[in-house]
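Reviewing the structure listed below.
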Amino acid sequence: MAKSNKPIVWGLFAAGGTITAFLTPVMIFVTALAIPLGIMNPEVLAYDRIHAFLDNGFWKLVMFAFISLSLWHAAHRLRITAHDFGLRSDGIMATVVYALATLGTLAAAVYLLRI
Amino acid sequence: MSRRPYVRELPRTTWWLKNGRYKRYIAREITCIFIGVYTAVLLFGVKRLSEGEAAYQGFLDALNHPLFILFHLLALGFATYNSITWFGVTPKAIRIQVGEDFAPDGVVAGAHYAGWIAISLVVLFMAGI
């Protein structure tokens, strides 16, 4: 029987969907909206504070999981949604989106380890 | 004699505009574009953080641009919609047996919504809001 990668990509999609459902709305608010909208003190995201926060193995791992799994979630759903908008070359689509998620995962690991 | 099979006309890209159920389905599916782009922005922020204070400050300043604010407001809306739909189907994925029956759908979904609110409050608390 031919091997399928479906359990792996679907597992990453589901794990990513769960972490993104719990965290993405509040993360968008805190990291990208609260300061520009004047709701939060800019000191909260100051370089020293965030650098110290991510200079910690546990929070590095949490941030890595959040970024990587969110990317895998978005990649898989984008592959499926492409079909709904008339892009029927699933092989190309799957290659492109999973390659992007893999690159993003590697980049997240490299940048987090440099902090 | 020619056979003329019936071919149902279906617009390839706009079929989902036909009814509300399709529109809600597509709204849920395109949340992935907003989540993907936001995650890329966050990843870029981590890159700038690893490159030093000046680079990181430049990243934070760029987020003040009106187009970024507009994008993130939309992303917040779509991400929230994704959370609502994701937790809404948890009763289908998680069946908890209680005696002879299963835990009611409302309890399973409700526990997830409560957990979502709790986690969001913890993050806001950590940010000092």
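No lab work stands behind these numbers, since they all come straight from the coordinates. Bear in mind the structure is a predicted one, so any value in this text is a computation, not a measurement. Positions of Cβ are generated from backbone atoms using ideal geometry, with glycine treated the same way; all protein chains shown enter the neighbour counts.
Average partner chain C-beta neighbours within 10 Å, per residue of B:110-122?
Taking all residues of B:110-122 together, the mean is 2.
Report, in debye and to the nearest 20, how large the dipole of chain A comes out about its Cα centre when Lys and Arg carry +1 and Asp and Glu carry -1 on their Cβ.
Dipole of chain A, to the nearest 20 debye: 400 debye.
Looking at A:83, A:67, A:56, which one has the Cα that reaches farthest to the positive end of the dipole of the stretch A:6-114 (charges on Cβ: Lys, Arg +1; Asp, Glu -1)?
A:83
Between the stretch A:70-115 and the stretch B:1-59, what is the C-alpha centre distance in whole Å?
So the separation of the two Cα centres works out to 12 Å.
Tell me, what ³J(HN,Hα) does each residue in the stretch B:115-128 have, in order and in whole Hz, if you take phi through Karplus 6.51 cos²θ - 1.76 cosθ + 1.60 with θ = phi - 60° and put x for Gly and Pro?
Running phi through 6.51 cos²θ - 1.76 cosθ + 1.60 with θ = phi - 60° gives x, 4, 5, 4, 5, 4, 5, 4, 5, 5, 5, 4, 7, x Hz.
Considering the zone a paramagnetic label at residue B:53 would reach in this model (a point 7 Å from Cα along the Cα-to-Cβ line), which residues of the stretch A:93-115 have amide N under 18 Å from it?
It comes to A:115, nothing else.
Using a Förster distance of 22 Å, how high is the FRET efficiency between residue B:121 and residue A:53, based on the Cβ-Cβ distance and rounded to 0.05?
For residue B:121 and residue A:53, the calculated efficiency is 0.75.
Which percent of Cα-Cα pairs in chain A sits in each 10 Å bin, short to long?
13, 34, 33, 15, 5, 1
At what distance in nm do the modelled label points of residue A:106 and residue B:10 sit from each other, each positioned 7 Å from its Cα along Cα→Cβ?
Spacing of the two 7 Å Cα→Cβ label points: 3.8 nm.
First measure r as the distance between the Cβ atoms of residue A:62 and residue B:3, then evaluate 1/(1 + (r/R0)^6) with R0 = 45 Å and state the FRET efficiency to the nearest 0.05.
That gives a FRET efficiency of 0.15.
Using a Gaussian network for chain A with springs between C-alpha atoms less than 10 Å apart, which of these wobbles most: A:82, A:65, A:101?
Largest GNM mean-square fluctuation: A:82.
Using the alpha-carbon atoms, what tilt in degrees (0 to 90, nearest 10) does helix B:53-62 show relative to the longest principal axis of chain B?
Here the helix axis deviates by roughly 50 degrees.
May I ask for the longest run of chain A untouched by trypsin sites (Lys or Arg not before Pro) that are loop-located per DSSP and have at most 11 neighbouring C-beta atoms (other than their own) within 10 Å?
So the longest stretch without any such site is A:4-87.
Report the calculated FRET efficiency for residue A:80 and residue B:101 (r = Cβ-Cβ distance, R0 = 51 Å), to the nearest 0.05.
Efficiency at R0 = 51 Å is approximately 0.90.
Which residue, B:45, B:94, B:128, has the largest displacement toward the positive end of the dipole of chain B when charges sit on each Cβ (Lys, Arg +1; Asp, Glu -1)?
Selected residue: B:94.
Would you look at the GNM of chain B, springs on alpha carbons closer than 10 Å, and say which of B:52, B:106, B:88 moves the most?
Result: B:52 has the largest fluctuation of those listed.
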